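Notes for the one structure printed next.
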Amino acid sequence: MTSTPPKLPDAEAIRTAVRHALEEDVGSGDVTANLVPADSRARARVIAREPGVLCGTAWFDAVYRELDPGVAVQWSCRDGGEVAADTVICRLDGPARPLLTGERTALNFLQLLSGTATFTRRCVKYLEGSRTRLLDTRKTIPGLRVAQKYAVACGGGQNHRMGLYDAVLIKENHIRAAGGIAQAVKAARATGLPVEVEVTSLQELDEALAAGATRIMLDNFQPSAMREAVSRAAGRAELEVSGGVAPERLPDLAATGIDFISMGALTKNVRAIDFSMLFEG
């Protein structure tokens, strides 16, 4: 299975993440790579050691652009595509020193983002045949939110808000600080942004609907309560389920008729996909 990858994040965001990663790894210089003669050239290939959904090629490329633009990378797979174990993902050719120096940083991006995309694809498949869509959250690795949300999209999921600036999500503490759901939603609607309210009971659901929330998050609701929430909302607001959702529960949750399921595990419980870079000759 392959899919068209989503639009890449801004190139500067990719460069910034790569530069930070190289700074922490290379520091004042790669003392081991410097043992190799400066004029040595090498060829290498990257192999997938296990099946997965590929993601992170732009970050991989950016690592080598930062180290030495003379390194050429030729991809045989693209982001969003499913790859089998032992697949050659790409081939590299260029000066040996930067090839060696960039190996770990480049693979770190590739394995992390492919892990995110792979787990997302697995979860999306549980929802096939339903109208429910899978969302990520803000529970991302610090500094890699843009990259991980791109990986979720490569896996077939959808992005929730990027941060605290592009949508309103009123949670329990906001409600308490504002004096109630109605007061919080009234203030939020003045921003002109989408307004979502997290509720923990059917009573709070009714309050959020009455206040005019455009999306309501059902926090830790049981399936029977979800079905009742769908009935009460009757299309007046989109409904989202969150809270410790395991992949195996996704079909049952979708069967309640809710619109979205958000899973922090997509980006915070990542198991990296195993890739290796091997020099040739």
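General remarks:
- Top-ranked residue in the stretch 1-52 [being polar (S, T, N, Q) and either surrounded by 16 or more Cβ atoms within 10 Å (Cβ to Cβ) or farther than 15 Å from D79 by Cβ (or both); ranked as nearest to the chain's Cα centre (by Cα)]: S3
- Of all residues in the stretch 66-73, none satisfies being out of contact with any helix residue (DSSP H, G or I) (no Cβ under 9 Å at 6 or more places or on another chain) and in contact (Cβ under 8 Å) with a residue 24 or more places away in the chain.
- Checking E280, E238, E204, E196 one by one, the residue that is among the charged types (D, E, K, R) and touching a Leu at 6+ places or on another chain (Cβ under 7 Å) is E196 and no other.
Residue by residue, here is whether (1) surrounded by fewer than 23 Cβ atoms within 10 Å (Cβ to Cβ); (2) out of contact with any His (no Cβ under 6 Å at 6 or more places or on another chain); (3) among the charged types (D, E, K, R) holds:
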residue: G94; (1), (2), (3): yes, yes, no
residue: R104; (1), (2), (3): yes, yes, yes
residue: L110; (1), (2), (3): no, yes, no
residue: T120; (1), (2), (3): no, yes, no
residue: K125; (1), (2), (3): yes, yes, yes
residue: R131; (1), (2), (3): yes, yes, yes
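- For the stretch 38-65, filtering for residues that are in contact with a helix residue (DSSP H, G or I) (Cβ under 7 Å, 6 or more places away or on another chain) and in contact (Cβ under 8 Å) with a residue 60 or more places away in the chain leaves 8.
- The residues listed here are A177, A153, A184; of these, the one that is small (G, A, S), assigned to a helix (DSSP H, G or I) and under 30 Å from W59 (Cβ atoms) is A153.
- One residue alone among A151, A177 is outside the structural domain of C90 (by TED's automatic domain parsing) and either under 30 Å from L202 (Cα atoms) or surrounded by fewer than 24 Cβ atoms within 10 Å (Cβ to Cβ) (or both), and that residue is A177.
- Residues satisfying the stated conditions in the stretch 81-110, i.e. assigned to a helix (DSSP H, G or I), within 23 Å of Q148 (Cα to Cα) and among the charged types (D, E, K, R): E103, R104
The values are calculated or read from the model by the stated rules, or taken from the named source; none is laboratory data. This is a predicted model, so every value here is computed, not measured. Because the Cβ atoms are built from the backbone with ideal geometry, glycine has one as well, and the counts that use them run over all protein chains shown.
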